[in-house]
Every structure is written in structure tokens, then in C-alpha cells.
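**Q** Below are the C-alpha cells for one structure; questions will follow.
Please treat every number below as a calculation from the coordinates, not as lab data. Computed from a predicted structure; not experimentally measured. Counting neighbours? That spans all protein chains shown, and the Cβs are built from the backbone with ideal geometry, glycine included.
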Amino acid sequence: MIALLRRDLRLAVRAGGGFGLGLAFFLIVVVLVPFGVGPETELLSRIAPGILWVASLLAALLSLDRIFALDFEDGSLVLLATSPLPMEGVALIKATAHWITTGLPLTIAAPVLGFLLSLAPEAYLYLLLSLLLGTPALSMIGTFGAALTVGLRRGGLLLSLLVLPLYVPTLIFGAEAVRRGADGLDPTGALMLLGGITAGTFALLPFATAAVLRINLR
Amino acid sequence: MSIWEYANPTKFMGWTAPVMRAAFWLAALCLAVGLIWGFFFTPDDFRQGSTVKIIYLHVPAALMAINAWIMMLAASLIWVVRRHHVSALAARAAAPVGLVMTLIALFTGGIWGQPMWGTYWAWDPRLTSFLILFLFYLGYIALWEAIEDPDTAADLTSVLCMVGSVFAILSRYAVNFWNQGLHQGASLSLDKEENVADVFWIPLLVCIAGFVLLFIALVLMRTRTEIRARRMRALQARAQRA
């Protein structure tokens, strides 16, 4: 399992594009928003939690189709399926690798971009915490979506149509936690629910993902 | 003789033809009676005026939008467990009907909301969860359309339906957390003292029965079409091989 994780990470870093691209996309979306809504600091700091969450969600979406597509094309997914490692484990590792290459950098970069959007100073801690708790769920749900569309030639658009509705609860709780933090309210409830979603997806979705992969490899 | 024998495509085609016809006529009858009764022979509500009459479309459509998804979930489970092809086709057939029901509920709600709440749309939990349900239907239908092999498509969509159901319920309660409601609470529960007054309640029941029958008829019709399409494809494949 660890070997697979290291292989995926190395591929993501060396194969160009994937690793930095999500981060750059995140940056660009956040920079574009003030052009769209105007530069008033008050407005920006009010919508900052939502913008940061939606942007990180889109950035995570961007790299989803790479999770299985390359392995499917060159046949290594079939090798993984016949290896002693269960498919559930493969799904879990793939999601973890995706999180390390997109979710984690996004979480680290988010406070800097929050600064650009003049996020309220009290909210930084909760922004970090909510992204740290929430982005693994995004990766896991995304891995499920990627497994669903792995056999399709142009699955990218379909993938976003399938995955985005599934992201709704994560987004609601994540953005709500940051907003409550910014307003000086208690965000623990939202954070706990967010953690609950992440734990739930990691417990259950590997099975669904593995089932879907087996169907697609039939 | 078990109930599963009726899932044999030939038998299914046999018994659904009269059932479908009967369901269509009964639905037409119920809807005609319920809507005319509701629109012309019930008094105006004392606060809402005549706008209240849109519930004869809104409530049954919303009910069927949710029930269609539950039916799809049941059909998907049957497909996964017992692999009856008709079951998968029925799930596929129900999706567009459910999608249209969701749209009807959203639109009639908007038309009612304009004079009552002063807005066609508000980010109210119920409204929002219906919009999310609409997106789920879209994704489900799109996945069916995208995959060529029918068995793979049936497998993948049924997994999506199951996972989607969990997330739909999750979203339903998540949006409560995010915004307080504008929509009134349930007015048709069986266990409550205070329900809609009988004058509105009986035509509403007739309308709900009409929508249920209409849904059954439409799903049967679409399932029969799917079965015929599948037979046609099999015949074509055989002709090509010969």
C-alpha cells in the first residue's frame, strides 16, 4: 500500500501539470473574484469564506479525472486489480494520494489567499481547520466519481456533473464553519459535522469505489 | 409461483399492457375530478386567497419527485441483488419522469411564492434541497446516456443511485443547518391533529392519487419502450452476425 502511495505521489509530482496546476487554478479563481464583484473590502471579506471553499472545491475537481484515467489507459489498473491488494485499499490509497497532491497544498495556500480577500482575522484558524477536515472528503467523493467515469472517453464534464451535487454537504459545513468563525460565533458544530462527513466517506466510499472499478474492468 | 416471475420481460409485457391502460384512464379521471374540484369548487383561503389552489399541482408533484427517486433506489437494489433486467430498465425509465416532477414542483412553487413571499425563489432549505435533487436526477440520467454497454450502465447507475441517496438525505439536513426556512411545515402528516381543512384535503387526495397513477402509467410505458428498444438491438445484432 505504501509503495502504491509513493508511486502515485511520485507520478503526480514528476508527470508535470497535475501537482501545481490545481494550486494555480485556485489562485486564479480567487484573484478573478474581485474583478467580478468589485474591490470593496467589506464585501470581499464577507464572501471570502464561500469563495475560498468553492474555489478549493473546483481546484480539487480539476485533477479528479487523472486519478484513474492514466492507470486505466496503460493497464496498470488491471495489474492493481489482480494484485493481492484489495480494490478497496487501492481506492483508499488513490484518494489519499489525491488529497496529498491537491487538498493539502490547497489547505496550506488558503490562508495566503484569504489575506488577498481580506478575510476576518479570527477566521484564519477555522479556514485552515475546515479545509484540513473537509478536503479529504472532497478527494474521496471525487475518487468515487472518477471510478464511475473511468471507462468513458470524454468523462470530464460528466464527472463534474456527478461529483458536484455530492460535494454539497461538505461545502455547506465547510463554508459555514469559516463564516461562523469570521462572525465570532462558535463553529465547533459545523467542524464536527464536517469531520463526520470525512470519516463517513472514508469508511464507506472505498467499498462503492471498488465495486464500481470492478464493474468497469469487467 | 413467486412474484419474481412477473419480472420476466415477456410476462412483463403481457401484464403491463392492460395495467398501463387502466392506470392512464384512472389518472386522467382522478386528475380531471381533483383539479376541477380543487380549482372551481373549493373556497378561497382566508389569508392566501385563490393562490392556495396551486397546491393541487405542487404537493402531488413534489411528493412524486421524491417517491420517484425512492422507486429508482428500490429498483437499483433489486437489480444489484437479483439482476432482473426489467428492474434496471424501470429505474432508467423513472428518472426523466422524476426529473419533470421536480421541475413542476419547483415552477409551481415559484409561481405561488411570487404573490405570497414576494419572490419566485429563495434559498430556503426545502427549495434548495429540491434543486439539489434536480441535479442528482440530471447526473443519473447523464450517466445512463454516457455508457454504451447496457449492463455496465445499469450497474454503475445503480451504485450511483445508492450513493446519491445517502448524499441527497445528507444534503437535505445540511441545508437546514445553513439557512432557516421560509417554507411551511408538512401539512399532510397522518399523525398530527392539525392538517389541512377537509374541504381542501379531499380534492388534494384525489389529485395525489391521480399523480401516483400517472407516474405508474408513464414509468410502465417508458419501461415497455426500453424493453422493445433492447429487443430491437438484439435483433439487429443477430442480423449483423448472420
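**Q** What does the average come to when, for each residue of peptide B:144-154, you count the partner chain Cβ atoms lying within 10 Å of its Cβ? Don't jump to the answer; show the numbers that get you there.
**A** On the way: counts 0, 1, 11, 7, 2, 3, 0, 2, 4, 1, 1.
Mean shielding by partner chains, rounded to a whole number: 3.
**Q** If you don't mind, there's one more thing I want to ask. Connecting C-alpha atoms closer than 10 Å in a GNM of chain B, tell me which of B:75, B:146, B:217 has the biggest fluctuation.
**A** B:146
**Q** Find the all-direction average of the projected area of the Cα convex hull for region A:116-178, expressing the result in square nanometres with one decimal place. Let's see the in-between values first.
**A** On the way: hull surface 20.3 nm².
With the hull built on Cα positions only, its mean projection is 5.1 nm².
**Q** Residues with beta-carbon under 14 Å from that of residue B:239, excluding residue B:239: net charge, scoring Lys, Arg +1 and Asp, Glu -1?
**A** +4
**Q** A further question on this structure: Using a 10 angstrom Cβ neighbour count of at most 13 plus a DSSP loop assignment to flag exposed GluC sites (Glu not before Pro), which longest range of chain B is free of such sites?
**A** Result, exposed sites excluded: B:1-147.
**Q** For the protein assembly as shown, rounded, prolate or oblate, judged on the Cα gyration tensor with a ≥ b ≥ c (square roots of eigenvalues), a/c < 1.5 rounded, else prolate if a/b > b/c?
**A** oblate
**Q** Could you please report the charge total around residue A:3, scoring K, R as +1 and D, E as -1 over all other residues with beta-carbon less than 14 angstrom from its beta-carbon?
**A** Neighbourhood net charge equals +3.
**Q** Measure nothing fancy, just the Cα-based angle from helix B:55-82's long axis to the longest principal axis of chain B, in degrees from 0 to 90, nearest 10.
**A** Compared with the principal axis, the helix lies near 30 degrees.
**Q** State whether region B:72-133 is rounded, prolate or oblate according to the following rule on the C-alpha gyration tensor (a ≥ b ≥ c being the square roots of its eigenvalues): a/c under 1.5 gives rounded; otherwise a/b larger than b/c gives prolate, and the remaining case gives oblate.
**A** Cα axes put region B:72-133 in the prolate bin.
**Q** Per-residue Cβ counts within 10 Å, from other chains only, averaged over B:128-138: what number is that? If you can, show how the numbers build up before the last one.
**A** Working: counts 2, 1, 0, 2, 5, 1, 1, 6, 4, 1, 3.
Shielding by partners across B:128-138 averages 2.
**Q** Continuing with the same structure: Please identify, among B:165, B:129, B:50, the residue showing maximal mean-square fluctuation in a Gaussian network model of chain B using a 10 angstrom Cα cutoff.
**A** Sorting by GNM fluctuation, first place goes to B:50.
**Q** Build a GNM of chain B with springs between Cα atoms under 10 Å: which of B:157, B:128, B:42 gets the top mean-square fluctuation?
**A** B:42
**Q** Using only Cα atoms, tell me the angle between helix A:2-14 and the longest principal axis of chain A; keep it within 0 to 90° and round to the nearest 10.
**A** With rounding to tens, the tilt is 60 degrees.
**Q** If you don't mind, there's one more thing I want to ask. For the charge dipole of the protein assembly as shown, defined by +1 on Lys and Arg C-beta atoms and -1 on Asp and Glu C-beta atoms about the Cα centroid, which residue among B:239, B:143, A:118 has the Cα displaced farthest towards the positive pole?
**A** Farthest towards the positive pole: B:239.
**Q** Which trypsin sites (Lys or Arg not before Pro) in region B:74-147 sit in a loop by DSSP (not H, G, I, E or B) and have at most 13 other Cβ atoms within 10 Å of their own Cβ? Mind showing how you got there, number by number?
**A** On the way: sites: B:82, B:83, B:92, B:126; in loops: B:83.
Those satisfying the criteria are B:83.
**Q** Right, something else. Other chains near A:153-165: what is the mean number of their Cβ atoms within 10 Å of each residue's Cβ?
**A** Per-residue shielding by partner chains comes out at 4.
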